[in-house]
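Let me begin by presenting the structure, written as structure tokens, before commenting on it.
The values are calculated or read from the model by the stated rules, or taken from the named source; none is laboratory data. The shown structure was predicted, so the numbers you read here are calculated from the model rather than taken from an experiment. Methodologically, a virtual Cβ is constructed for each residue, glycine included, from the backbone with ideal geometry; neighbour enumeration extends over all protein chains shown. Quick note on the areas: whole protein, heavy atoms, side chains included, nothing else; ligands and nucleic acids left out. Shrake-Rupley method; radii C 1.70, N 1.55, O 1.52, S 1.80 Å.
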Amino acid sequence: MAAPAPKQEELQPHAVKDQLPLVSYCLTSPPPWRTSPPLHPPISLASSSKYIFLLLSPAGALVLGRLHECRISSANGTDGYVLQWRGAAEAILLGFQHYLVMLGTTVIIPTALVPQMGGGNVRSLSPSLLCCLPLLCRSLTGKLAPFSDWQEEKARVIQTLLFVAGINTLLQSFLGTRLPAVIGGSYTFVAPTISIVLAGRYSGIADPHEKFLRIMRGTQGALIVASTLQIIMGFSGLWRIVVRLLSPLSAAPLVALVGFGLYELGFPSVAKCVEIGLPQILLLVALSQYIPHMLPLVGTAFERFAITMSVAVVWLYAFFLTVGGAYKNAPPKTQFHCRTDRSGLVGGAPWISVPYPFQWGAPTFDAGECFAMMAASFVALVESTGGFIAVSRYASATPCPPSVMSRGIGWQGVGILLDGLFGTANGSSVSVENAGLLGLTRVGSRRVIQISAGFMIFFSILGKFGAVFASIPGPIIAAIYCLLFAYVGMAGIGFLQFCNLNSFRTKFILGFSLFMGLSVPQYFNEYTSVAGFGPVHTHARWFNDMINVVFSSKAFVGGAVAFFLDNTLHRRDGTARKDRGHHFWDRFRSFKTDPRSEEFYSLPFNLNKFFPSF
């Protein structure tokens, strides 16, 4: 009798994970001082406290160390722990890499705004920051801004924005969501700032320096008022009500468009100097994705520090092209983007300068400008919510409870208030590129981001040193964005694992919200670039700005459409509730219902006793 044919293995879908697996260091586990050997057999811990262990190092010597664990729940409900040494060396290097990544946006925005505000003239602008400015300013004013010069005002604004970003990042990591999120400048606030620049009450000022000061004070007043929106919605708990209605289905388009919606800052800017931008992309992909598998013994270092290594190599390559005369007879535009000696930042930055509140004078207030800036603040609030969700995923933390998310939005409002008090000419939101860096390095440690904030404050005070890194050519920065923005977008797509993709309701909501999130802002931006003003063009400029800013944000439009449809279409249907993945997040809608929430999101120094989360 013939033996029965072997039973064919059943195909099983991949298990749903509340926390992202294969993360080297999660939210509460900092990178090690030295590489520690794995524990054999694995040690099971019953709580989240620290223990002292004696282990044998690879050399055979006894090593005394303190271990820290990051709890991860498996699909079957059992808990496991990823144990790592506590240390500082690797964390410092990773923190510097986060500083390097956030520097691009931090300098691009003031470089776009300050010349429009009346900043004076010295020599030339930094090629590292011009890659995205023509598109940005053409979409806002209908014409290219005069990118001709660099002066003290620009250097001071950049230093101030960097200084305040460091403070805001520390506040967010200690008192806000406690996620490893960098809080930096936001493109959302550029449009209302340009509107303030074009206001008629400043057109009659002849002295450029006086005009700059007056516009800066008007921007400060608008930011101070706009900050109250996030402060009230966050600390009052109003935003908690909104976040509780989020499901994986409505969060997916929001988070995806937070990353994918910035595609204009990617390859179009790389192509402005393709001979250095394209090698940066190829080298970064090779170092971060291929080398770790080809050389497993040293692959971890390449995986975690791929950006620092690739930037150093390509920056040196661009320097050799510059000194070798490759761009000697090139058009001025090509020289701006490609050369490494056209920044003017090092010469324009002071050796030591400490930003302080009201350094530009007392803020001024205009009702229309404040309303326009409040609209930008609301858009930034929505975009930052998507950013926080992506950060929590790449930090291998559980979904952020609504009360914690609301608390973080409140502290982000405090950050915008600091922007107004110090005079950064821009508001704050979650840095998308730094959120993507968490995914690229697989390091979601809170301590790394706090160290990064220290670098921001340090280099903002010692301006000459910070200006050296700020002079990196723009196509190199744009090449980095191609990977980092993609990681954030995929964090949103990853939430579809909780949804039923065979449901036509799911297909409609997901497809329609993604399409409208890309299509509507494209119409607004194209209209503005051609006409010089947005589709909404009434006699009330503040009303025009409010509408145009809201509908120019891809993440806001897509997230709003998905949120509305998901909470109104077949809301009472029990099957639809499962299809949208709502039940997977039920235990995270309250701070107390999952024990991991306290481990990840509780306030330090026992502050939860005085400021409890719900």
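Below, the figures for the structure above:
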item: R201 accessible area, assembled protein chains, probe 1.4 Å, Å²; result: 100 Å²
item: Stokes-Einstein translational diffusion, the range 286-365 - Kirkwood Rh over all Cα pairs, 1.567 mPa s, 4 °C, in µm²/s; result: 77 µm²/s
item: Heavy atoms of M309 accessible to a 1.4 Å probe, total area in Å² rounded to 10; result: 60 Å²
item: Exposure of D594 as accessible area (Å², to 10), given a probe of 1.4 Å and all protein chains; result: 10 Å²
item: M456, M546, ranked by accessible area, largest first (probe 1.4 Å); result: M546, M456
item: Per-pair calculated FRET efficiency, R0 = 25 Å: W351 and I205 via Cβ, rounded to 0.05; result: 0.20
item: Förster radius 25 Å - calculated FRET efficiency between R571 and L238 (Cβ-Cβ, nearest 0.05); result: 0.75
item: Added length on full extension, which subtracts the Cα-Cα distance from 0.36 nm per residue, F610 to V274; result: 115.5 nm
item: Accessible surface ranking that places the most exposed of T506, T575 first, with a 1.4 angstrom probe; result: T575, T506
item: Among the listed pairs K17/K592; K17/K578; K554/K592, those beyond 28 Å (Cα-Cα); result: K554/K592
item: Distance (nanometres) between label positions extended 7 Å along Cα→Cβ at E526 and A362; result: 4.9 nm
item: Amide N of the range 186-220 lying under 17 Å from the label point, which is placed 7 angstrom from the Cα of V536 along Cα→Cβ; result: 188-196
item: Total formal charge among the other residues, if their Cβ is under 11 angstrom from that of P180, Lys/Arg +1 and Asp/Glu -1; result: +3
item: Label-to-label distance, nm, for residues given as F512 and F458 (7 Å Cα→Cβ offset); result: 5.2 nm
